[in-house]
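Computed from the coordinates by the stated procedures, all read-outs in this text should not be read as laboratory data. What you see is a predicted model, and the numbers here were worked out from it, not measured in a lab. Quick reminder, even Gly has a Cβ in these numbers, built from the backbone with ideal geometry, and neighbours come from all protein chains shown.
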Amino acid sequence: MSINYRHLSLVRKHDPDGIAWLYLDRAQSTTNTLSRDMLDELAGVFAALEANPPKGLVIASAKPAGFIAGADIEEFTRIDSPQAARDLVERGWELFNWLARLKFPTLALIRGHCMGGGLELALACRYRIVVDEPGTKLALPEVMLGIVPAWGGMMRLPALIGPAAALDLMLTGKSVDARRAKALGLADECVPPRVMENAARMLVGSGQRPRALPLMQKLLNGPLKAVVAASARKQVAAKARREHYPAPYAILEIWQKFGGNALAVPAGHPASLEAIFRSPTAKNLVRVFFLQERLKGFGKGDGKSGDFAPRHVHVVGAGVMGGDIAALCALSGMTVTLQDQSVERIAPAIARAAKLFERKLKHDARQVRFALDRLIPDPQGHGVAGADLIIEAIFENLDAKRTLFADLERRARPDAVLATNTSSLRIEDIAGALAEPRRLVGIHFFNPVALMPLVEVVRGEVSDAEALRRAAAFVRRIDKLPLPVKSAPGFLVNAVLGPYMLEALRCVDEGIAPETVDAALVAFGMPMGPVELVDTVGLDIAVAAGKALAGSAAQPPKRLMELVAAGHLGRKTGQGYYRWADGKAQKAAAAAVPAGLADRIVAPLLAATRRCVEQGVVADADLADAGVIFGTGFAPFTGGPLSYSPDSGKTMTDELSRPSDGAMVNAG
């Protein structure tokens, strides 16, 4: 027997086990999200099952894309009052408590992503089975949207896996895969796809007692909560200020003082739903979420290029940047040939790749070996002939790049994408050496390649639209965010970072200590101070980039030139503005920060971002905000540089034009 709802399907199969199967299938959507109408249908199903109880209930997804992606974020953006926010929380809280109270055993069969409210629904079930596939990910990422997991996650997750592991997930928003979920106790079983339904049927009917916490974990989740919370609060404070990011502090207090029930927090409390709703952080972080989704959309293409999945990538240049690009491609499953002048020059890149693979693949020796097998040293460049995509990552010299691309074009397949990782040269100038200059596009990575989420996809004056779409599709294949930009000095990210770092170094020339400058910008919300950033990038690179972006007439900072002349180039030489030891800047205590220092240093970045929009480097202000946030780490809680106003706090984005189509769509 089957009962079909708009978003759900309840099936009672004709077999002796008496198990009911509830399939989630949100109408007119490729993913399941917990909209109000889906919550209403779930309530109807629970009522029907209570009236005619099965021997067990399995909740699964009918969609290949995953279990549940979370609550409906679009609906969240339409909440217009604290009371409306409280009503939404109360709806999910009561519904999942109802699920937890059902007299018959319940099981969540999780295949694919299980996020936010989806995981909270699974936590309300008696059992959980995860399917051992790469796409299975479980997380409570609400903190990344400036909100809290208020549908039971703050209560049930610590009780299931212990407070330390639970707080680590809730305070960071990070996901765990199927095997890690089983190891944590978040899942009862981890099974391959072929046996998932039988495993679910057996477990839900087994009568097995739910997992119980060890005694010490029970104490940490009870009488010793204050100890755990104090330790976690110190870790949060080291990374985020409460006035910028109130949500992680609210999670700690709701768990410690209110049993994980956000509805129990009085309205006047800093951790209350009302306080979180009033904070602009949640609104801005939700905006950043949608900006990220827009960037992801550029890699989907038009049904043709969106299917572009290069099997073979050839990278020329085995330095830090080129070597790390090659390693990332190999980690993503592609065969990579890495070219440089000799095997000896390639060897350090292979060694760095091995460390990356071990870290990312959790020391799975078999998978590490497979990844290394896909990364092939190729000093002669034989891989050019068979590559789907060729990326140049040599030093920033126009003549050298032009000579290289003329040779690559002759040997490459006619349908191969030709790309340069240049950070400061015009695509048109490099492409001038090609018989078909339209073939060349820019794919500009940022250092460190493995960590930085943004990649600029650069359109030259004659770049082929299909090559650009394929480049964006490739960027998504390696799980990065493609940003379409026009060929211009510094593109977007370097064009806005240059003036920002220059102003910071001018402050140092004026006698303000580097530590004070950096402290001011970290307090502002930047992930790293600008002086430390210059040291990390390399002082020689900063000088070269400054000349390329500003021209030879610009006066470089005096102290910068003195350090470069002395051979002190920053982190890579152990000395720059700071002395470096074990990869860390050795800093003295910062002095009191002068009033207005952060705004002074940020002001050139804001102005440069506006210029990039006005000059069409990016298509609109939203893309500019997205690029600067994901490319520089600009304080996400502000919503982006064009949403930040130091005087009024009002958004400035609407002052600039916002065409609905990005530069990638308009190319060609």
_Positive dipole terminus of the chain, leading residue within Gly135, Val368, Gly259 (C-beta point charges)_ = Gly259
*What list do you get for Val45, Val593, Val485 if you sort them by fewest beta carbons within 10 Å?*
Val593, Val45, Val485
*Among Val493, Ala43, Ala327, whose Cα lies farthest out toward the positive end of the dipole of the chain, if unit charges sit on the beta carbon of Lys, Arg (+1) and Asp, Glu (-1)?*
Ala43
*Per residue and in cubic angstrom, what volume does the convex hull of the Cα atoms of the range 494-616 have?*
109
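Sort Asp132, Asp388 so the one with the fewest other Cβ atoms within 10 Å of its own Cβ comes first.
Asp132, Asp388
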*Student exercise, the chain dipole from Lys, Arg, Asp, Glu Cβ charges, in Debye to nearest 20*: 1840
*More than 26 angstrom apart: percent of Cα pairs within the range 307-488*: 22
*Once amide H atoms are placed 1.01 Å from N in the peptide plane, what residues at a sequence separation of 5 or more from Val455, or on another chain, have their amide H within under 5 Å of its amide H?*
Leu481, Leu483
*If you take the charge dipole of the chain about its Cα centre, with +1 on Lys and Arg Cβ and -1 on Asp and Glu Cβ, which of Leu109, Leu451, Leu560 is farthest toward its positive end?*
Leu109
*asked:* With just the Cα atoms defining each centre, how far is the range 64-78 from the range 466-522? Give it in Å.
replied: 31
*Ascending count of other beta-carbon atoms within 10 Å, so fewest first, for Lys584, Lys360*: Lys584, Lys360
_Can you tell me which lysines have their Cα less than 27 Å from the Cα of Lys225? Leave out same-chain residues fewer than eight positions away._
Lys174, Lys182, Lys234, Lys239, Lys257
*asked:* Quick check: convex hull over the Cα atoms of the chain, volume per residue in Å³, rounded to an integer?
replied: 173
*Take the alpha carbon atoms of the range 134-210, find their center, do the same for the range 413-444, and report the distance between the two centers in whole angstrom.*
46
*For the range 266-342 and the range 570-611, compute the distance between their C-alpha centroids and round to whole Å.*
26
*Report, by chain and number, residues whose modeled amide H sits under 5 Å from the one on Thr420, excluding near sequence neighbours (fewer than 5 apart, same chain).*
Glu392, Val441, Gly442, Ile443
*For the range 94-165, what class follows from the C-alpha gyration tensor (a ≥ b ≥ c being the square roots of its eigenvalues): rounded when a/c is under 1.5, otherwise prolate if a/b is larger than b/c, else oblate?*
oblate
*Would you list which lysines come within 20 Å of Lys572, measuring only between C-alpha atoms, while excluding same-chain residues fewer than 8 positions from it?*
Lys355, Lys584, Lys587
